[in-house]
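Computed from the coordinates by the stated procedures, all read-outs in this text should not be read as laboratory data. Remember, predicted model here, so these are calculated numbers, not experimental data. Using ideal geometry, Cβ is built from the backbone for each residue, glycine included, and neighbour counts are taken over all protein chains shown.
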Amino acid sequence: MNAPKENTNNSNQMDHSMDLAIRLAFVALIIFWCTKIIAPFFLPVLWGVTIAVAFYPLYEKLRGWVGGREKIAGVIFIVVSLGLVLVPTVMLSDSMIGGATYLKDGLDNGTLTVPPPSASVKEWPAIGGKVYDSWLHASENLQSYGAKHADQVKSLAAFMAGSIAAMGGAVVQTIFSLIIAGILMMNAMGGGRIAYSFAQRLGGEKGRELVTISIATIRSVVRGVLLVAMIQGLLSAVGLVVADVPGAGFWALLVMIVAIMQLPPILLLGPIAAYVFSANDSTVIAVFFLIWSLLVSMADGFLKPMFLGRGVAVPMMVILIGAIGGMMVAGIIGLFIGAVILALGYKMIEFWMEDGSS
């Protein structure tokens, strides 16, 4: 008597399982193709979101200056930010093209010369003798020096060409990211509602708190990493100009990049200080530049505690470790992703411990 009913139940369960499996497969297929379609735009959009979150307070002030008109404020932000990126890029490109043309013409005509090294170069620790001999050879006969080191010159040229191509790609990506950031800030209210609603759906009020922490963490990294690196770059530029180092702006930019990578700027400023001692006639200026370089390199020791972690309910070391680890894994964008993920992980563990103790 019960066999037909059991067979019917088994058949219903099988139908339900098949129906669920087909639905899950369809959802998985849609998610897979959505991921494939947006993959080329993922990094610019991620940068756009990061820039929008980081600079939204500035956008709010700008919107207030134009009478609350969001579109005008967004357009102004996009135009000004693109100008800040494109103008230095064009100037640097002209300088690099001019420098490359000068080197090529000089090598072709045999008019390119290298100034002889100072005798004090020999006194550099460990490398002084080799640097002096190589430098002297280049100053006496540059063509012979180039022929002797042809492989190294080719490797350097290939590296420079690759770096220029990478820089061009980064500039294009930055342009798209800034445009996306401006559009997102114009629609910040709607985007914020979506983010908070999604987080509340996942974790209730604690989910909303995690969104707030993510926003505060991104802004903290901007202040504690990028702003500190910019300050170190500007301070190094002052010392480089005073010491009359050629290409001071270029070296200051490299110092800023080194600082963003969380490496001590003295790695770059140290060899430059050695050059100043050998090339500058004034010992006072050389000593000043060395001391200034040490101060610039140590500046993050007291600047980071002032900016990093302020206004975030997460310890500064958690954000700093997340930023450094994220950058090692994912590059510059990892500064923000790593800091946010580690901050969220820290808060989730904190929530879990609070729930267990209550």
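Considering the options Ala273, Ala216, Val284, tell which one lies farthest towards the positive end of the dipole of the range 205-352, charges being +1 on Lys and Arg and -1 on Asp and Glu at the Cβ, about the Cα centre. Positive-most Cα among the choices belongs to Ala216.
Computed over all pairs of different Cα atoms, the Kirkwood value for the hydrodynamic radius of the range 205-352 is 16.3 Å. For the range 78-87, putting each phi into the Karplus relation 6.51 cos²θ - 1.76 cosθ + 1.60 with θ = phi - 60° gives couplings of 5, 5, 5, 5, 5, x, 5, 8, 6, 4 Hz, in residue order, rounded to whole numbers and with x for Gly and Pro.
Restricting the calculation to Cα atoms, every distinct pair contributes to the Kirkwood radius of the range 186-242, found to be 13.7 Å.
Report the calculated FRET efficiency for Ile38 and Met316 (r = Cβ-Cβ distance, R0 = 51 Å), to the nearest 0.05.
Working: r = 34 Å, r/R0 = 0.67.
That gives a FRET efficiency of 0.90.
Oblate is the label for the range 292-353, because a/c, from the alpha-carbon gyration tensor with a ≥ b ≥ c as root eigenvalues, is 1.5 or above and a/b does not exceed b/c.
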